[in-house]
DNA sequence: AGGCCTCGAGTTCA
DNA sequence: CTCGAGGCCT
């Protein structure tokens, strides 16, 4: 079934894309990221293809050369490669390359690839005559570019004179390091000039400066990656027969090439390169937006030739977009364990950074107001190096007519009682007024059996829901009277599964005091505060009798936390639930303190995964020796234990010059 | 007031 | 795992 084309949407898209294209090309001042722009452009192109391939000027890629600079007709046409995004697409490309070579009666076993970083900068065409640098120009539309010799010459790594009197056209990528970019922007901010949106636009702006002195003061970098034309080579140098030899010759001639470029015998090595740099892409001074792959042998490149749009002998293997656009289909409200209402945007599913995203939190009412997100809006969605997708902004020019600002409802049916909700003055969140509702109850029971609390293996929210629905439980204590017979006839249960659940619940009866406290859903009581209270008071009975003053006297516990605990214990329903529950439980004596408290007063932070320990094992190893484990790195942290695939904390540790321990060093430290 | 830390929530994947 | 909000200490 072909979907009909929404003409209104098409018009809006055409206009929006055109607007942003102008901002980008003519003003060097884009308002939205390239990735978001690409997402809009590809939606527009798809719509237009459905409209019988009728292409308007709005979606033609590339920019017209700016009139302020003289034009340069390139001696060799400047192509850009087609993109692939997945391993499948890459391997299809590899297959096609080899098929075409075989069909042309060449030997496909000679295929190897050169792979390199796709640097996020702008292309520079560089011309030498008789060994002398004569011209640099931008790519422009591929055939005609702008003459930027005056600024190109200020790039310090670009030699003005070669050792041999050769004629040569080569191309490279001009970029600005992250450091230099922020230095420039800081300076511009001071004098009130508009800021550059990103390093690439700053590089473009610099290259298109009329005044070469300004360009020279901003340290442009250059990475040369291709040779287009080569004449009058001295006899002592063999003309290159492959991409790899071209790179070596360029290096030999003193041009800045990239040391990470690699010659890959097979497409599998290309994939390895890509995966390696997907992870490490943030460790370079320049931005990397993928890998460029070229057939190595020039003879085979010639065999493959060009399509109307791009060379067949190379391809750009792009990293997954971290920013894209999508449409908000609905805004729904969720009730959390403590009664906080969280609005969530339900989105048209979209692939971003390798995973499909269909929901994004909107946090709270203020955030919705700030963004003015409405149902039906097209939004820019970002998924940064981390995990959580975030709505950055609304593209207002794509808003359907007759929409209204989102109005936060006065009631939420899940909240129980009359469903009313309230926003506490000074807080961002709405909460359920009723403290006792089905939704809260469900969340608390789920939390009770979860990992940080009683840790009932294999029982999560799904099973709790089923048990609630069938009236098998309503309070914590009910869990402990369940039998396999009760469970085995429930939907999704077989006898074996029922037995497993009962066994797991049974095993959870023996628990340390702090885990029980965590499980009770007392406000402000998480793992740390629960541990403080458990260590100080030792038993439920003693804690229950403690006054607010007693608790607030504990180092690390203040008024607020103490009051939460006191309030909880003062509630009659809570008292009854707890009294019903306690007979089933055996509270473990706190861990035997190890005799050698070698780590007393030392604070640790763990990042990445260790081989010999789970996270929890490492944690309790440290704690049993008297050490503390914290979750964020600060100046007060003594050691950061870095496992494989560490997160940002490893870098933070380096920045703050905190001692870093490898797994090996760590395990000797805690051994015995 | 500021720095450090915990809580609590959201997310997706193997 | 990461972030923002907010608690606790100095």
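The values are calculated or read from the model by the stated rules, or taken from the named source; none is laboratory data. If you're wondering where the values come from, they're calculated on a predicted model, not measured in any experiment. Note: ideal-geometry Cβ built from the backbone for every residue, glycine included; neighbour counts use all protein chains shown.
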Cβ pairs under 7 Å, 6+ apart, first in segment A:341-355 and in the same structural domain as residue A:380 (by TED's automatic domain parsing) and away from DNA strand C (no atom under 15 Å from the Cβ), second at pLDDT 80 or above and not in a strand (DSSP E or B): A:344/A:362; A:345/A:362; A:345/A:373
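Among the helices (runs of 4 or more DSSP H) confined wholly to segment A:487-595, which include 3 or more residues that are in contact with a helix residue (DSSP H, G or I) (Cβ under 6 Å, 6 or more places away or on another chain)? First the steps, then the outcome.
Numbers: elements: A:495-507, A:513-519, A:527-537, A:540-545, A:548-552, A:559-570, A:572-581.
Those helices (runs of 4 or more DSSP H) span A:495-507, A:513-519, A:527-537, A:548-552, A:559-570, A:572-581.
Would you point out which residue out of A:574, A:567, A:591 is away from DNA strand C (no atom under 16 Å from the Cβ), at pLDDT 90 or above and within 42 Å of the chain's Cα centre (by Cα)?
Selected residue: A:574, the only one of A:574, A:567, A:591 that is away from DNA strand C (no atom under 16 Å from the Cβ), at pLDDT 90 or above and within 42 Å of the chain's Cα centre (by Cα).
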Yes/no for residue A:507 being away from DNA strand C (no atom under 16 Å from the Cβ) and touching a residue at least 12 places away in the same chain (Cβ under 8 Å): yes
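With A:153, A:179, A:123, A:118 as the choices, which residue is buried (at least 21 other Cβ atoms within 10 Å of the Cβ) and either on the phi > 0 side of the Ramachandran plot or in the same structural domain as residue A:272 (by TED's automatic domain parsing) (or both)? Spell out the reasoning first.
On the way: A:153 fails: buried (at least 21 other Cβ atoms within 10 Å of the Cβ); A:179 fails: buried (at least 21 other Cβ atoms within 10 Å of the Cβ); A:123 fails: buried (at least 21 other Cβ atoms within 10 Å of the Cβ).
Going through A:153, A:179, A:123, A:118 in turn, the sole match is A:118.
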Hits in segment A:537-563 (condition: surrounded by fewer than 18 Cβ atoms within 10 Å (Cβ to Cβ) and within 12 Å of DNA strand C (Cβ to nearest atom)): A:548, A:552, A:553, A:554, A:555, A:556, A:558, A:559, A:560, A:563
Failed item in (1) part of a loop (DSSP other than H, G, I, E, B); (2) surrounded by fewer than 14 Cβ atoms within 10 Å (Cβ to Cβ); (3) at pLDDT 90 or above, with residue A:106 passing the rest: (2)
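Can you report the number of residues in segment A:507-529 which are over 19 Å from residue A:579 (Cα atoms) and near DNA strand B (Cβ under 8 Å from one of its atoms)?
First, pick out the residues of segment A:507-529 that are over 19 Å from residue A:579 (Cα atoms): A:507, A:523-529.
Adding the requirement that they be near DNA strand B (Cβ under 8 Å from one of its atoms) leaves A:523-529.
So the count comes out to 7.
So, of the residues in segment A:600-628 that are within 13 Å of DNA strand B (Cβ to nearest atom) and buried (at least 19 other Cβ atoms within 10 Å of the Cβ), which turns out to be nearest to residue A:667 (Cα to Cα)?
A:622
One line per residue, one yes/no per condition, for (1) under 25 Å from the mean Cα position of the chain (by Cα); (2) within 14 Å of DNA strand B (Cβ to nearest atom); (3) modelled with pLDDT under 80:
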site	(1), (2), (3)
A:288	yes, no, no
A:292	yes, no, no
A:314	no, no, no
A:318	yes, no, no
A:332	yes, yes, no
Any chance residue A:483 is assigned by TED's automatic domain parsing to the domain that holds residue A:456, in contact with a strand residue (DSSP E or B) (Cβ under 8 Å, 6 or more places away or on another chain), loosely packed, with under 15 Cβ neighbours inside 10 Å and under 30 Å from residue A:458 (Cα atoms): no
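Per-residue answers, yes or no, for (1) touching a strand residue (DSSP E or B) at 6+ places or on another chain (Cβ under 7 Å); (2) in a loop (DSSP other than H, G, I, E, B):
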| residue | (1), (2) |
| --- | --- |
| A:402 | no, yes |
| A:407 | no, yes |
| A:414 | yes, no |
| A:421 | yes, no |
| A:431 | yes, no |
| A:443 | no, no |
| A:447 | no, no |
Check on residue A:253, farther than 27 Å from residue A:101 by Cβ, surrounded by 17 or more Cβ atoms within 10 Å (Cβ to Cβ), modelled with pLDDT of 90 or more and assigned by TED's automatic domain parsing to the domain that holds residue A:166: yes
